[in-house]
Amino acid sequence: SDVCSSDLPYEYFLAEGCTDYGFETWVLMANPNGQQATVRITYFTADGPRNREPVVVPANSRLTVNANGDIWQQDAGVRVGSDLPVYVERAMYWNDRVEGHDSIGTDSGATEWYLAEGCTDYGFETWVEILNPGTVDAAAALTYMTSRGPVAGPTVVVPAWSRRTVEVKRDIPADDVSVRVNSDRPVVVERSMYWDGRRGGHGSIGVKSPSQDWYMAEGATHSGFETYVLVTNPGGQQANVSLELMTTAAAGAGPLRADLLVPAGSRRTVRLNDIAPGVDVSTRVHSDVPVVAERSMFWPDRKSVV
């Protein structure tokens, strides 16, 4: 049935999702209200939308839906419509649930998206998922911001109510890479990364605009953890960026600081272990021009969190 015929006033979107290649995809909905919420899930596949029958999320409760039970062996983004405000998240697992990643949803599309993290070297795979929740086809142009500067990527036509996936390695074979997506229609964009033969992976929704300030509460450089801060400069002039590290060892000594220059259209990576070893660490990123920053963590058994 027509996804636009729904009378559910609230909606949330998840660009990533897959029920093929050994992946499980779960849609998680939390209802913080004092009354039950009626929700309806629509899967945006390469062949268009697939609607699930409405379900009820009890008051102050959580409901989990297994996408593999609704669609099989497909890439699919997700729309959740609801009659009350709810929280929506997606979890994905593979390799018999040894590996997994997840992301929050968004309540709106946008014509610009930014993804700071990405790599196509050292055995990494990077994928960009673009979901079109609208009724008109969208043309989404990708720009790659690499360690060597900007590289024009493809323009992807995403049909109405559909999802398309871009393998970054086809365009950028071996580099650190951030991605900017400019679309003529509002879309939703996420990024997934895998490595070591998909023995590890992480993913995240993009952000809709750069900023001069970014804050990352998580971070650790002890117990085998490695923490990286990824900064991309999508603008037309050099960015002067400072990282202020707030650590468990900083009492009385003040925060640690690192400065870097990020050329226009480029991406830089900072390994926090080289600056503040052996501590828990939070990071404030400040720039004199708007940038996009993200954090990745790895640990010895080749798992990660982003």
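Here are some notes:
- Solvent-free Debye scattering, log10 I(q)/I(0), computed from the Cα coordinates of segment 196-259 at q = 0.16, 0.17, 0.19, 0.20 Å⁻¹: -0.81, -0.89, -1.03, -1.09
- Extension gain, residue 35 to residue 182: 0.36 nm times the residue separation minus the Cα-Cα distance gives 49.0 nm.
- Additional length obtainable on full extension of the chain from residue 66 to residue 242, 0.36 nm per residue less Cα span: 59.1 nm
- Here the Karplus curve 6.51 cos²θ - 1.76 cosθ + 1.60, taken at θ = phi - 60°, turns the phi angles of segment 24-34 into couplings of 10, 10, 10, 9, 10, 10, 10, 10, x, 8, x Hz, with x standing for Gly and Pro.
- Accessible carbon and sulfur surface of the chain relative to its total accessible area, %, 1.4 Å: 49 percent
- Diffusion coefficient, µm² s⁻¹, Stokes-Einstein with Kirkwood Rh over alpha-carbon pairs of the chain at 4 °C and 1.567 mPa s: 64 µm²/s
- Using only side-chain charges placed at the Cβ, +1 for Lys and Arg and -1 for Asp and Glu, the dipole size of segment 155-214 relative to its Cα centre rounds to 280 debye.
- In this calculation the C-beta distance from residue 147 to residue 87 is compared with R0 = 45 Å, giving a FRET efficiency of 0.80.
- Rg to Rh, two decimals, where segment 1-128 supplies the alpha carbon set and Rh follows Kirkwood: 0.98
- Cα-based shape type of segment 14-63, given that a ≥ b ≥ c are square roots of the gyration tensor eigenvalues and the cut on a/c is 1.5: prolate
- Annotation: per residue accessible area for the chain equals 43 Å², rounded to a whole number [probe 1.4 Å, protein chains only].
- Relative to the current alpha-carbon distance between residue 137 and residue 171, full extension at 0.36 nm per residue lengthens the span by 9.9 nm.
- For the peptides 163-170, 199-206, residues were scored by their other Cβ atoms within 10 Å and the scores averaged per peptide; the highest-first order is 199-206, 163-170.
- Area accessible to solvent at residue 124, 1.4 Å probe radius, in Å²: 40 Å²
The values are calculated or read from the model by the stated rules, or taken from the named source; none is laboratory data. It should be emphasised that the depicted structure is a prediction, and the values quoted were computed from it without experimental measurement. Neighbour counts run over all protein chains shown; Cβ positions are idealised from the backbone, glycine included. Quick note on the areas: whole protein, heavy atoms, side chains included, nothing else; ligands and nucleic acids left out. Shrake-Rupley method; radii C 1.70, N 1.55, O 1.52, S 1.80 Å.
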